[in-house]
Amino acid sequence: MSDNKTSLVETLPLNGLHKTWPILEIKEMVGGEICSLTALKGGVPTLRKKFQNKYGAPLPAQGKVVSFNGGFLFCSAPEQWFVHFNTENAFLDVELGAVLKASAAVTLQTDAWVRLAIIGASAPQVLERLVTLDLSDQAFPAGMNMGSAARTMLGHLNVFIIRPDNASDSASGGASDSAPNIYEIWCARSFANSLAHEICVAAENIYG
Amino acid sequence: MIIVHPLLGPRDAQEFTYLGDASLIHRPDPKADDAAENFYEYLYQRDNLAGEHRELWFHEQGDRSWLVIKRNTLTHDILSVELASDVARREGRSK
Amino acid sequence: MTQTHRVGGGHIDRSQPVEFTFDGKKYQGFSGDTVASALIANGVKLVGRSFKYHRPRGIFSAGSDEPNALMTIGEGARATPNTRATIAELYEGMTVQSQNRFPSLNFDVMAVNDLLAPFLSAGFYYKTFMWPASFWEKLYEPIIRRAAGLGALSGEPDPDQYDKGFLHCDVLVIGAGSAGLMTALVAGRAGLRVILADEDFQMGGRLLSELEQINGDTALAWTMQITAELSSMPNVRLMGRTTVYGVFDHGIYGAVTRNTDHLAVKTKKPRETLWRIYAKRSVLASGATERSIALSNNDRPGVMLASAVRTYANRFGALCGKRVVVVSNNSDGLRTANILKASGAEVSAVIDTRLSENSFDIRGRKAVRAIRFSDGRKVDADCIAISGGWNPNIQLTCHKRGRPLWRDDIAAFVPSKDALTADMDVAGAANGSFSTHQCLQEGAQAGARAVQALGKNAAAIDLPQADDAPFEITPFWEMKGCKGSAWVDPQNDVTAKDIKLAAQEGFKSVELLKRYTTLGMATDQGKASNVLGLAILADHLSQTIPETGTTISRPPYTPVSISAFAGASRFEHFRPVRKTPSHNWAQGQGAVFVSAGLWQRAQYFPRPGETHWRQTVDREVVATRSSVGICDVTTLGKIDIQGPDAGAFLNRIYVNAFAKLVVGKCRYGLMLREDGFAMDDGTVARFSDTHFVMTTTTANAVSVYRHLEFCRQCLWPNMDVKLISVTDQWAQYAIAGPNARKLLQKIVDKEHDVSNEAFSYMACGEITVCGGIRARLFRLSFSGELAYELGVPARYGDSLIKALMSVGEEFNAVPYGTEALGVMRIEKGHAAGNELNGQTTAKHLGMGRMLAKKKDFIGKTLSEREGLNAEDGLYLVGFKPVSRADTQTDALASGAHLIGQGKSDTAENSEGYLSSVAYSPSLKSYIGLGFLKRGQERIGQEIRAVDLLRGTDVLVTVCSAHFIDPKGERLRV
């Protein structure tokens, strides 16, 4: 049986990557736990009620991200949400499954994603080199209680782009009075090096 | 091209993969007597239209929804975009 | 070193002299010059040799329409051929080389082609180089290849970076001349998001080249004032050195910005940026391009467009000639005479073709010397400035198959109503409106229309005062009665005679004319030649121009480098790369990697002393089968399937039954395409009544997921089942071999019993390892040994492989890669990608018994087709060489055909093929899997495996595909 002497250590997809340029910062996001919630047939009303009761947050519509005390969630597909909780919990999917019961299919997703925050006034300038979506303030607003989220392509990679609202747990920590311009990029973990490369090359081409 | 997703708004067509004629939604009844003939028609016989065409696209790089798009194959004008599951249900597909 | 033809005026910066070389000789110009203006200022006439006839050529125009002055600029890897001298901005130390001449520009041996001109007329290659047939490959083609083209590439990898970008705007204004500036101003002031793009390095368009007055001040001052206001607006983006090269569907435009070509010192900044612009509306304010007149020897150096002569004088302070003849069929061209006189040149003749039909020849070969009239009179000249009219730059309105409209009053094409798409507007010279006043007015109006169309209000704008002289033209295309050839397309060397020859030979439609003569097919896409050629054809056929039609202009408007299209996707960054959680560890172990789609997978792990991959792979197989081996199988697609109908859903996807799979068990599944052919296989694990996890092959993960969603959303939209990928969530390792369980038990936490009784073959479950780490265990075997697959959240993947190898030391555990994986599955007779090749059905694969009889599944109906169930079809069996020595002579090759002994090696005699081959260290022999006609009935027979490509022919015995442990006893211990 197990010798109880072997223990496993965690590896970050990008080893805590953190790069800065004059008005731009790229930082790997770590910590917390992520699950997918996909409503089963007819389950959206129940899912909405249970989630609201337990976490005090509505289920955002497609293209939107909402934060609550303890995390944030965004709509990734019809009747599907990704929830990020600030605290770690290796059995989050089991616990959520117990709360939501037959209203939703839950899967653990934390380790499936590498997460990079692009922070700063020129974040849109970097992103416009890579992303076909209109990420301007008009089309992709950050905002109190309701930011923006989209699943799209960044270069050749499939990504989530999340623009948290001001109330969210932001990556940069030391924010000034005005909320920093933050875009979180999530990509499948196996693409981590490629994601970092694409974003860093775009930043270098502007600043380098 | 730009495809205006019913829930997400305009997206570049490169986010999608194209399958083919929307008639693929209507998979024949395998229990019918002429099932083999019907499957043959379903899979291999297709009208090649110069003009308005109803077709299936998969939003592979987006929300993974299948869409039924009515597009003019000559001008590329897109006339309508709907969730395929809505179209399928409306046209009688179920379980 | 003196600039013999430099005069006062212009927008160059005389305080910054710039030195450059042309064909090795040093010259001086000024900052603000183009290569062309600097050469002209230095009195250089001869700049190139024409494509076919190698005739001496000079600078013809002052813009991106230039057909003659194509240079190779730069050195080494950056030497860029076919660069227009008219748009290349001069920088200190620039090296400029002329092209298409040997040994020198002045003395070009290939000029002999000019003497052979009668034999090299249009379409000559359709009539020559045909006999004898054998000469084509060895003689004619190499000669033609060497003669073809103008400049040559450096042959070295491109040292520059290139970038891409995606921009969104309300209005894209194409062209920053008087019209475009007004449009941008109106739209910008109304708060719209505006992009104003111009191919030039300065805003202003034609205003930069004429001496117009706007509001009583110089046009340049007005331009700078407007540009400054536009720069200050945060909603306006000014893009100079940017060509909008193409119009695509739905308001998508392609553009390219040249970032560094004008810089002496190249930094790491991208040389070019390729843009995709999404615009709600666009305004084409692209101006117009002057055209010439076909007359004898009109291709000589010194024969130029009248507007270009004015540009060089007014914008660059350079004189194209000191004794100039002006020829014009319209009011605009005639102003060239006054400009020249004011710059100090002599105007030796002014010929207005509207007034008299004078015909003359041009004398001089390497430079114009004089003109000689038909009555014998000679007039000295070193430059001929010709204006045959103006062609609005309407090309972008034709990219979506719009056809332009001919206007007799300006003898030119303008955009027709249906050539303009719903969201594209046009203003100014591009619309056939040539006075400055008209341009300003139309620009403002187009801006207002755009603002209104987007639901906003445009503030009234004061229209600046400007010239409004009418444009008067009498069409005059070709001077009759000339002795020499009259050039129509200078770049492709097409003459008026060629056009008539084409019509004579039956190529009367304008499309055929183009392709037969190559008129308009050079890098300028006919800017100099299309309308003139069309008019000559119409004349010759006694048709009107509208009756004759035009060809379609296509993107790109001007050439775009392939590097710009590639962007950053070059070399190892051509595609994204996917790495498994054990990648870094495997790299540290010296593993050799192989690409499996986008994934990098360890192929084998060589040990010191191993010099050939066979040594390594054989060792990995032997070690695994005798003790234990570990392989990273993270790359296989994992799809999480949940819902009350999940089991029923799987029943319809796979040929075999899944709805009643017991919780805690896995099952192998085969899925078909709807046409009955095998599509993919994998295993499905059931974690609860409503929770399954499906695996797919690495290669098919994406397409299987797409297929499942199609079935779920389109075929059975009311089934209660949902899917999501979890491929990257779990790092997964295969642990295989007689000691697999013992190794596993070293890390599985005590409370989980993985004995054979508690966790039997094909079991699955959630467990914990290494003191509470969440894990999933599957008892699956691809190798045929006692085996498990262990999954942990990917963050532990690196640590887990190290832990497994560490506790596995006592069992001499080895890591194994895809090669050993492949050898072992072939030894077991497991079908994989080579067998599921799109041409095989379940029955061919020997899985006919898996096909459920009672339930429907994708592919069922058509899998029952007669042709797919024929007795003499190709069925999967195994093959072993008859002589079992491990020598190259009996090495099998996959792809080899199976042909009977004594039969000749033809396609008709092929009875099948080998699909997978390996050297089996277990059997000490090569083995193969393959498809053989009636294979199952022929066990024991001998047949030849013939590979005509590699020249092997091996006698093999037909045997069972299951070489090792056919009863599967090792799996169940």
Of A:K50/C:K802; A:K50/C:K860; A:K41/A:K64; B:K70/C:K843, which pairs sit farther than 32 Å apart, going by alpha carbon to alpha carbon?
A:K50/C:K802; A:K50/C:K860; B:K70/C:K843
Computed lengthening from C:F687 to C:K417, 0.36 nm per intervening residue step minus Cα-Cα distance
90.8 nm
Quick check on packing: order C:7-20, C:782-795 by the mean number of other C-beta atoms within 10 Å, highest mean leading.
C:782-795, C:7-20
Once you place label points 7 Å from the Cα toward the Cβ at C:N215 and C:R575, how far apart are they in nm?
5.8
Of the heavy-atom accessible surface of segment A:33-111 (probe 1.4 angstrom), what whole percent is carbon and sulfur?
55
Between rounded, prolate and oblate, where does segment C:840-973 land on the alpha carbon gyration tensor, with a ≥ b ≥ c its root eigenvalues, rounded for a/c under 1.5, else prolate if a/b exceeds b/c?
oblate
Quick one: compute the contact order of chain C, relative version, from alpha carbon pairs under 8 angstrom and 6+ residues apart, as a percent.
9
Could you work out the percent of alpha carbon pairs in the protein assembly as shown separated by over 57 Å, rounded to a whole number?
33
iface C-A | buried accessible area, total | probe 1.4 Å | Å², round 100 | 4800
Average partner chain C-beta neighbours within 10 Å, per residue of A:197-205?
4
Check each residue of segment A:103-124 and keep those whose accessible area, probe 1.4 Å, is at least 40 Å² smaller with all protein chains in place than in the chain alone; give them in order of residue number.
A:T107, A:L108, A:D111
Global geometry of chain C, whether rounded, prolate or oblate, following the gyration tensor of its Cα atoms and the 1.5 cut on a/c:
prolate
Once the Cβ-Cβ distance between C:T611 and C:D953 is put in as r, and R0 is 51 Å, what FRET efficiency do you end up with, to the nearest 0.05?
0.95
Tell me the carbon and sulfur percent of the accessible area for chain C, rounded to whole percent, probe radius 1.4 Å.
53
Contour minus Cα-Cα distance for C:H962 and C:E937 (0.36 nm per residue)
7.4 nm
Note to self: C-alpha centroids of segment A:94-138 and segment C:393-437 sit apart, in Å, by 46
Treating only Lys and Arg (+1) and Asp and Glu (-1) as charged, each at its beta carbon, one finds that chain C has a dipole about its Cα centre, in Debye to the nearest 20, of 940
Pull out a ≥ b ≥ c, the square roots of the eigenvalues of the alpha-carbon gyration tensor of chain A, then state rounded if a/c is under 1.5, prolate if not and a/b is larger than b/c, and oblate in the remaining case.
oblate
Modelled FRET efficiency - R0 51 Å, C:V379 with C:L153, Cβ distances, 0.05 increments:
0.70
Taking the simple approach of a point 7 Å from Cα along Cα-to-Cβ for both C:Y125 and C:Q504, what is their distance in nm?
2.3
Looking at this model, which pairs from A:K19/C:K579; A:K54/C:K660; C:K828/C:K854; A:K54/C:K665; C:K127/C:K497; C:K638/C:K853 are more than 25 angstrom apart at the alpha-carbon?
A:K54/C:K660; C:K828/C:K854; A:K54/C:K665; C:K638/C:K853
Give the cross-link partners of C:K456 among the lysines, using a straight C-alpha distance below 20 Å as the criterion and excluding same-chain residues fewer than 8 apart.
C:K280
Give the C-B buried accessible area in Å², both sides summed, 1.4 Å probe, nearest 100.
2700
Need one number: nm distance between label points at A:R48 and A:F91, each 7 Å from Cα along Cα→Cβ, rounded to one decimal.
3.2
Any idea how far the Cα center of segment C:707-745 sits from the one of segment C:290-329, in Å?
73
Enter the accessible area per residue of segment C:870-972 (Å², integer; probe 1.4 Å; all protein chains in place).
48
Given a 1.4 Å probe, how much area per residue of segment A:33-111 is accessible, in Å²?
37
Leaving out ligands, DNA and RNA, what percent of the accessible area of segment B:2-90 is carbon and sulfur, probe 1.4 Å?
48
Taking the alpha-carbon centre of each part, the distance from segment C:528-601 to segment B:22-73 in Å is 31
Filter the trypsin sites (Lys or Arg not before Pro) in segment C:581-668 to those in DSSP coil with at most 12 other Cβ atoms within 10 Å of their Cβ, and list the result.
C:K660
Please compute the average number of Cβ atoms from other chains found within 10 Å of each residue's Cβ in peptide A:40-50.
2
Only helical DSSP H runs with n ≥ 4 go in: add -39500 (n - 2.57) per run for chain C, normalise by residue count and round the 222 nm mean residue ellipticity to 500 deg cm²/dmol.
-5500 deg cm²/dmol
C:W136-C:R401 FRET efficiency (beta carbon distance; Förster radius 41 Å; 0.05 resolution)
0.65
Accessible-area loss of at least 30 Å² in the complex relative to the chain alone (1.4 Å probe) applies, within segment B:12-57, to B:D12, B:Q14, B:E15, B:R27, B:P30, B:F39, B:L43, B:Y44
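The values are calculated or read from the model by the stated rules, or taken from the named source; none is laboratory data. Keep in mind the model is a prediction, meaning the values are calculated, not measured. Neighbour counts run over all protein chains shown; Cβ positions are idealised from the backbone, glycine included. Heavy atoms of the whole protein, side chains included, go into the accessibility calculation; ligands, DNA and RNA do not. Shrake-Rupley method; radii C 1.70, N 1.55, O 1.52, S 1.80 Å.
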